[in-house]
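Working notes, beginning with the structure itself.
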Amino acid sequence: MKICFLDSANVSYTSEDIYSKKLRGAENILINLSREFSNLNHKVTVYNNCKINNKIKNINWINLNNVNDKPYYDLAITNNDIRLFDKISAAKKLAISHSIQ
């Protein structure tokens, strides 16, 4: 299955930043979910504000500004911002929403 994650958080990160203090819980969730889906042999792409496009342990990390031609995914998961779904096409879409109370 082709799966993508979309995150517009201003912080630049990849899975190599998993233990960085700059990340919050939502970013850690995306890193861990992307790793686990990849471990299950799914093709995973994360679109966020990473500085460079890179492939790390079979996961593509791509800057949001580099999304072209509305790529298709079987599943798209966004971190809080459903407007990011406009950048891709997907059979199923899921939003992870969190609120600081």
On the accessible surface of the range 1-92, probed at 1.4 Å, how many percent belong to carbon and sulfur atoms? 47
Which one, 23, 84, 40, has the greatest fluctuation when you compute a Gaussian network model over the chain with C-alpha springs under 10 angstrom? 40
Net charge near residue 22, counting Lys/Arg +1 and Asp/Glu -1 over other residues with Cβ under 14 Å of its Cβ? -1
Cα shape, the range 50-101, gyration tensor, a/c 1.5 rule: oblate
Filtered pair list for the chain (Lys only, Cα < 19 Å, 8 or more apart or interchain) has a length of 19
Whole number in Å², please: accessible area per residue of the range 20-101, 1.4 Å probe, ligands, DNA and RNA not counted. 64
Compare 77, 31, 52 in a GNM of the chain, Cα atoms joined below 10 Å, and give the one with the largest fluctuation. 52
Taking the chain as a Gaussian network, where each spring joins two C-alpha atoms under 10 Å apart, which residue of 74, 17, 86 fluctuates the most? 86
Net dipole in debye of the chain [+1 Lys, Arg Cβ; -1 Asp, Glu Cβ; about Cα centre; nearest 20]: 80
Which trypsin sites (Lys or Arg not before Pro) in the range 33-83 pass both tests, a DSSP loop state and at most 10 other beta-carbon atoms within 10 Å? 51
Taking amide H positions as placed 1.01 Å from N in the peptide plane, with prolines and chain starts having none, which residues 5 or more places from residue 46, or on another chain, fall under 5 Å of its amide H? 5, 60, 61, 62
As an exercise, take the mean of 1/r over every pair of distinct alpha carbons in the chain, invert it, and state the Kirkwood radius in angstroms. 13.5
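The values are calculated or read from the model by the stated rules, or taken from the named source; none is laboratory data. Predicted model only: the values in this text are computed from it and were never measured. All Cβ positions, even for glycine, are placed from backbone atoms using ideal geometry, and neighbour counts span all protein chains on display. Surface areas here come from the heavy atoms of the whole protein model, side chains and all, with no ligands, DNA or RNA. Shrake-Rupley method; radii C 1.70, N 1.55, O 1.52, S 1.80 Å.
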